[in-house]
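The values are calculated or read from the model by the stated rules, or taken from the named source; none is laboratory data. Only a predicted model underlies this, so the values are computations on that prediction, with no experimental measurement involved. Backbone-built Cβ (ideal geometry, glycine too); neighbour counts: all protein chains shown.
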């Protein structure tokens, strides 16, 4: 029951009921990436979509599939001999809003004590 309610009311968690019906009626399965995301297209090839494995986060689409999704290539990575380049980095989740988010030196949210103010700062006055 929980899964049905999540599909009705949440778009960020997998797929909604509407997407499930659309995929069932018009979707042609193209392939799956290493993260478990499943890729589809319609019969004309004009519409392409992804069903995320878990939370919907666009940065979880690998580089090869990103090119296919944005119509930069008509050949999906499953039908091509695509190999990532050596400079392409693996996926890292978006950590904004989590305890592991980047906190620059001097941030109020950084756990260590901020340095004392030294008095070398002069505010601008017009």
Counting only residues that are over 20 Å from residue 18 (Cα atoms), in contact (Cβ under 8 Å) with a residue 24 or more places away in the chain, out of contact with any strand residue (DSSP E or B) (no Cβ under 7 Å at 6 or more places or on another chain) and part of a loop (DSSP other than H, G, I, E, B), segment 28-69 contains a total of 4
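Each row is one residue, and each column tells you yes or no for (1) exposed (fewer than 12 other Cβ atoms within 10 Å of the Cβ); (2) touching a helix residue (DSSP H, G or I) at 6+ places or on another chain (Cβ under 8 Å); (3) at pLDDT 85 or above; (4) not in a loop (DSSP other than H, G, I, E, B).
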| residue | (1), (2), (3), (4) |
| --- | --- |
| 71 | yes, no, yes, no |
| 76 | no, yes, yes, no |
| 81 | yes, no, no, no |
| 87 | yes, no, yes, no |
| 93 | yes, yes, no, no |
| 111 | yes, no, no, no |
| 114 | yes, no, no, no |
